[in-house]
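The values are calculated or read from the model by the stated rules, or taken from the named source; none is laboratory data. As the structure is a prediction and not an experimental result, all values here were calculated from the model. Accessible surface is based on the protein model in full, side chains and every heavy atom, while ligands, DNA and RNA are left aside. Shrake-Rupley method; radii C 1.70, N 1.55, O 1.52, S 1.80 Å.
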Amino acid sequence: MAASIEELAALLSQLNIDCEKVTHPPLATASAADEIALHRPGVRLKNLFLRDNYGRRHFLLITAHDALVDLKALSKAQQVSRLGFASDDRLLRYLGVRPGCVSMLALMNDPQQEVELWLDAAIWDDSQNINQDETLYHCHPFDNEQTWLMPKAGLNSLFKHWQRQPLVLPVAKRCGNTIKP
(Lines give C-alpha, C1' and ligand atoms only; values in the text may rest on other atoms or scores of the structure.)
Protein backbone atom coordinates (compact mmCIF):
# COMPACT_ATOMS: atom_id res chain seq x y z
CA MET A 1 0.00 0.00 0.00
CA ALA A 2 1.33 3.42 -0.96
CA ALA A 3 2.29 5.88 1.74
CA SER A 4 0.33 9.08 2.17
CA ILE A 5 1.62 12.62 1.96
CA GLU A 6 1.02 12.85 5.72
CA GLU A 7 3.23 9.80 6.33
CA LEU A 8 5.94 11.31 4.15
CA ALA A 9 5.71 14.62 6.05
CA ALA A 10 5.93 12.73 9.37
CA LEU A 11 9.06 10.92 8.17
CA LEU A 12 10.69 14.22 7.18
CA SER A 13 9.84 15.61 10.61
CA GLN A 14 11.25 12.50 12.33
CA LEU A 15 14.50 12.89 10.36
CA ASN A 16 14.61 16.67 11.00
CA ILE A 17 14.41 17.48 7.29
CA ASP A 18 12.95 20.88 6.51
CA CYS A 19 11.48 21.69 3.13
CA GLU A 20 9.46 24.46 1.58
CA LYS A 21 6.06 23.33 0.33
CA VAL A 22 4.53 25.00 -2.72
CA THR A 23 0.95 24.38 -3.86
CA HIS A 24 0.08 24.97 -7.51
CA PRO A 25 -2.20 23.77 -10.32
CA PRO A 26 -1.50 20.17 -11.42
CA LEU A 27 1.87 19.84 -13.19
CA ALA A 28 1.95 16.54 -15.07
CA THR A 29 5.16 17.31 -16.97
CA ALA A 30 8.28 19.39 -16.51
CA SER A 31 7.13 21.74 -19.26
CA ALA A 32 3.77 22.37 -17.54
CA ALA A 33 5.50 24.70 -15.04
CA ASP A 34 6.81 26.72 -17.98
CA GLU A 35 3.31 27.08 -19.38
CA ILE A 36 1.99 28.69 -16.21
CA ALA A 37 5.24 30.61 -15.58
CA LEU A 38 5.70 29.01 -12.15
CA HIS A 39 9.06 30.02 -10.71
CA ARG A 40 10.49 28.47 -7.57
CA PRO A 41 14.05 28.51 -6.26
CA GLY A 42 16.19 25.42 -6.74
CA VAL A 43 16.76 22.74 -9.35
CA ARG A 44 13.80 21.74 -11.49
CA LEU A 45 13.78 18.05 -12.33
CA LYS A 46 12.53 15.58 -14.88
CA ASN A 47 11.68 12.18 -13.39
CA LEU A 48 11.72 9.28 -15.85
CA PHE A 49 10.46 5.86 -14.80
CA LEU A 50 12.20 3.34 -17.04
CA ARG A 51 12.48 -0.40 -17.46
CA ASP A 52 14.81 -2.73 -19.28
CA ASN A 53 13.74 -4.58 -22.42
CA TYR A 54 12.60 -7.60 -20.41
CA GLY A 55 10.73 -5.69 -17.71
CA ARG A 56 12.92 -7.29 -15.02
CA ARG A 57 14.71 -4.14 -13.89
CA HIS A 58 13.20 -0.73 -13.21
CA PHE A 59 14.91 2.63 -12.89
CA LEU A 60 13.98 6.09 -11.72
CA LEU A 61 16.18 8.52 -13.64
CA ILE A 62 16.35 12.05 -12.27
CA THR A 63 17.74 14.66 -14.66
CA ALA A 64 17.35 18.35 -15.53
CA HIS A 65 13.83 19.48 -16.38
CA ASP A 66 14.80 20.39 -19.93
CA ALA A 67 17.05 17.41 -20.68
CA LEU A 68 16.39 15.29 -23.75
CA VAL A 69 17.85 11.97 -22.65
CA ASP A 70 19.36 9.61 -25.20
CA LEU A 71 17.97 6.30 -23.90
CA LYS A 72 19.93 4.24 -26.43
CA ALA A 73 23.25 5.74 -25.27
CA LEU A 74 22.22 5.41 -21.61
CA SER A 75 21.32 1.73 -22.15
CA LYS A 76 24.70 1.09 -23.71
CA ALA A 77 26.63 3.02 -21.04
CA GLN A 78 24.87 1.15 -18.21
CA GLN A 79 24.92 -2.20 -20.03
CA VAL A 80 21.16 -2.55 -19.75
CA SER A 81 19.14 -4.15 -22.52
CA ARG A 82 17.24 -1.41 -24.34
CA LEU A 83 15.76 1.06 -21.87
CA GLY A 84 12.21 2.20 -22.41
CA PHE A 85 9.48 3.97 -20.50
CA ALA A 86 7.63 1.79 -18.03
CA SER A 87 3.84 1.64 -18.17
CA ASP A 88 1.49 3.55 -15.91
CA ASP A 89 0.56 0.20 -14.31
CA ARG A 90 4.19 -0.50 -13.46
CA LEU A 91 4.58 3.03 -12.06
CA LEU A 92 1.64 2.45 -9.73
CA ARG A 93 2.81 -1.07 -8.79
CA TYR A 94 6.44 -0.20 -8.04
CA LEU A 95 6.29 3.42 -6.82
CA GLY A 96 2.64 3.82 -5.80
CA VAL A 97 2.05 7.00 -7.81
CA ARG A 98 0.18 8.11 -10.92
CA PRO A 99 1.87 9.53 -14.01
CA GLY A 100 2.98 13.12 -13.44
CA CYS A 101 3.39 12.55 -9.69
CA VAL A 102 6.69 10.67 -9.62
CA SER A 103 9.79 12.01 -7.88
CA MET A 104 12.60 10.71 -5.68
CA LEU A 105 10.14 10.82 -2.77
CA ALA A 106 8.11 7.98 -4.36
CA LEU A 107 10.94 5.62 -3.38
CA MET A 108 9.27 5.56 0.03
CA ASN A 109 6.73 3.23 -1.63
CA ASP A 110 9.43 0.78 -2.75
CA PRO A 111 10.72 -0.83 0.46
CA GLN A 112 11.77 -3.95 -1.50
CA GLN A 113 14.07 -1.70 -3.55
CA GLU A 114 12.88 -3.04 -6.87
CA VAL A 115 13.51 0.35 -8.50
CA GLU A 116 17.08 1.56 -8.96
CA LEU A 117 17.70 5.28 -8.51
CA TRP A 118 19.86 6.97 -11.13
CA LEU A 119 20.85 10.61 -10.60
CA ASP A 120 22.24 12.62 -13.49
CA ALA A 121 25.69 13.86 -12.47
CA ALA A 122 24.95 17.14 -14.26
CA ILE A 123 22.38 18.05 -11.60
CA TRP A 124 23.69 16.13 -8.59
CA ASP A 125 27.48 16.60 -8.65
CA ASP A 126 27.84 20.35 -8.52
CA SER A 127 31.52 20.89 -7.80
CA GLN A 128 31.10 24.63 -8.47
CA ASN A 129 28.63 25.05 -5.61
CA ILE A 130 30.45 25.23 -2.26
CA ASN A 131 27.19 24.80 -0.31
CA GLN A 132 25.83 22.01 -2.49
CA ASP A 133 24.17 20.26 0.49
CA GLU A 134 21.90 23.32 0.64
CA THR A 135 20.88 23.01 -3.02
CA LEU A 136 17.11 22.62 -3.29
CA TYR A 137 15.52 20.02 -5.59
CA HIS A 138 11.90 20.12 -6.76
CA CYS A 139 10.03 16.95 -5.74
CA HIS A 140 6.35 16.03 -5.96
CA PRO A 141 5.16 14.40 -2.72
CA PHE A 142 3.03 11.70 -4.47
CA ASP A 143 0.84 14.51 -5.83
CA ASN A 144 1.46 16.86 -8.75
CA GLU A 145 -0.43 19.74 -7.13
CA GLN A 146 2.46 20.27 -4.72
CA THR A 147 6.20 20.68 -5.04
CA TRP A 148 8.43 20.27 -2.04
CA LEU A 149 11.75 22.07 -2.30
CA MET A 150 14.07 19.49 -0.76
CA PRO A 151 17.64 20.22 0.31
CA LYS A 152 20.23 17.84 -1.09
CA ALA A 153 21.36 17.00 2.44
CA GLY A 154 17.76 16.08 3.31
CA LEU A 155 17.42 13.84 0.27
CA ASN A 156 20.69 12.14 1.21
CA SER A 157 19.28 11.57 4.71
CA LEU A 158 16.19 9.97 3.19
CA PHE A 159 18.33 7.73 0.98
CA LYS A 160 20.32 6.66 4.04
CA HIS A 161 17.11 6.02 6.02
CA TRP A 162 15.70 3.95 3.14
CA GLN A 163 19.08 2.20 2.76
CA ARG A 164 19.31 3.40 -0.83
CA GLN A 165 22.51 3.96 -2.72
CA PRO A 166 21.73 6.12 -5.76
CA LEU A 167 23.91 5.72 -8.81
CA VAL A 168 25.22 9.11 -9.91
CA LEU A 169 26.08 8.87 -13.59
CA PRO A 170 26.68 11.01 -16.66
CA VAL A 171 23.57 10.97 -18.83
CA ALA A 172 23.93 11.45 -22.58
CA LYS A 173 21.55 14.06 -23.91
CA ARG A 174 20.10 14.68 -27.34
CA CYS A 175 20.43 18.14 -28.81
CA GLY A 176 18.50 18.11 -32.07
CA ASN A 177 20.16 15.37 -34.11
CA THR A 178 23.40 15.42 -32.12
CA ILE A 179 24.30 13.83 -28.81
CA LYS A 180 26.34 15.47 -26.09
CA PRO A 181 27.61 13.96 -22.82
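Would the range 108-116 turn up any residue that is open to solvent by less than 10 Å² (accessible area, probe 1.4 Å), more than 22 Å from Y54 (Cα to Cα) and not charged (D, E, K, R)?
no
Scan the strands (runs of 3 or more DSSP E) fully inside the range 15-107 and keep the ones with 1 or more residues being open to solvent by 60 Å² or more (accessible area, probe 1.4 Å).
Once the strands (runs of 3 or more DSSP E) in the range 15-107 are filtered for at least 1 residues that are open to solvent by 60 Å² or more (accessible area, probe 1.4 Å), what remains is 20-23, 45-51.
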